[in-house]
Amino acid sequence: HTRMRSDGLDLYTGNQPPYEVPETIVKRVYKFFDSVIDNHQGESVVAVAHGDILVFPWLDAQGIVPEPQMKDTLLDYGLPEVYPATASIMIFKFADSPSKVKPSVSYVRPY
């Protein structure tokens with residue numbers, strides 16, 4: 001617990017497969033997005049995820065290569081909060097596969 005706090009909650013630096021790093025998280029989320037695009041064309045789909053699973057694709061969608069330490073400075077990258085709030089909503093909109101065209105992303109805290 002103390003080590004995580006001193007590392008800024010960096011659970012990724014130095015990881016080797018099968019553990020994930022930001023790049024593999026983005027690839028996994030984009031694979032899910034591609035499945036949604038392929039199977040639910042023209043529909044709205046709701047998925048539930050936790051912060052890192054949202055933060056790293058959000059950074060990537062802005063053309064920023066996500067790094068673990070960026071989680072401590074998300075305000076600098078345009079997130080209106082230090083970290084996605086509980087029950088917040090991040091909306092990814094697609095013109096095509098996210099591996100071809102970066103999605104647009106918006107963030108809402110409904111309370």
**Fill in**
Averaged per residue, the 1.4 Å probe accessible area of segment 44-100, protein heavy atoms only, in Å², is roughly 58
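Please list, by residue number, every one of the trypsin sites (Lys or Arg not before Pro) in segment 69-111 that is coil in DSSP and has at most 13 other beta-carbon atoms within 10 Å.
100
Where Rh denotes the Kirkwood radius from the mean inverse Cα pair distance, what is Rg over Rh for the chain? If you can, show how the numbers build up before the last one.
On the way: Rg = 14.5 Å, Rh = 14.9 Å.
Rg/Rh for the chain comes to 0.97.
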**Fill in**
Heavy-atom accessible area of the chain with neighbours in place, 1.4 angstrom probe: carbon+sulfur share in percent works out to 55
**Message:** Using 0.36 nm times the number of residues separating residue 15 and residue 102, minus their current alpha carbon distance, what extension gain do you get?
**Reply:** 28.7 nm
**Complete:** Extension length gain for residue 93 and residue 43 (0.36 nm per residue less Cα distance), in nm, is 16.9 nm
**Whole-Hz couplings from phi, Karplus 6.51/-1.76/1.60, listed for segment 49-56; x for Gly and Pro** = 8, 9, x, 4, 5, 8, 4, 5
**Item:** Phi to ³J(HN,Hα) by Karplus 6.51 cos²θ - 1.76 cosθ + 1.60 over segment 36-45, Hz, x for Gly, Pro
**Value:** 5, 4, 5, 9, 9, 3, x, 9, 9, 10
**Message:** Using +1 at the C-beta of Lys and Arg and -1 at the C-beta of Asp and Glu, which of 49, 61, 24 has the Cα lying farthest in the positive direction of the dipole of the chain?
**Reply:** 49
**Prompt:** In segment 17-48, which GluC sites (Glu not before Pro) fall in coil by DSSP and have 12 or fewer other Cβ atoms within 10 Å?
**Reply:** 43
**Complete:** Among the Cα-Cα pairs of segment 38-78, the proportion with separation greater than 17 Å, in percent, is 41
**Accessible-area order (highest first, 1.4 angstrom probe) of the listed residues 88, 99** = 99, 88
**Estimated distance in nm for a label pair at residue 27 and residue 73, the labels positioned 7 Å out from Cα along Cα-to-Cβ** = 2.6
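The values are calculated or read from the model by the stated rules, or taken from the named source; none is laboratory data. All values derive from a computational prediction rather than experimental measurement. Here the Cβ is made from the backbone with ideal geometry for all residues, glycine too, and neighbour counts use every protein chain on show. Note: accessible area is taken over every heavy atom of the protein model, side chains too, but ligands, DNA and RNA are not part of it. Shrake-Rupley method; radii C 1.70, N 1.55, O 1.52, S 1.80 Å.
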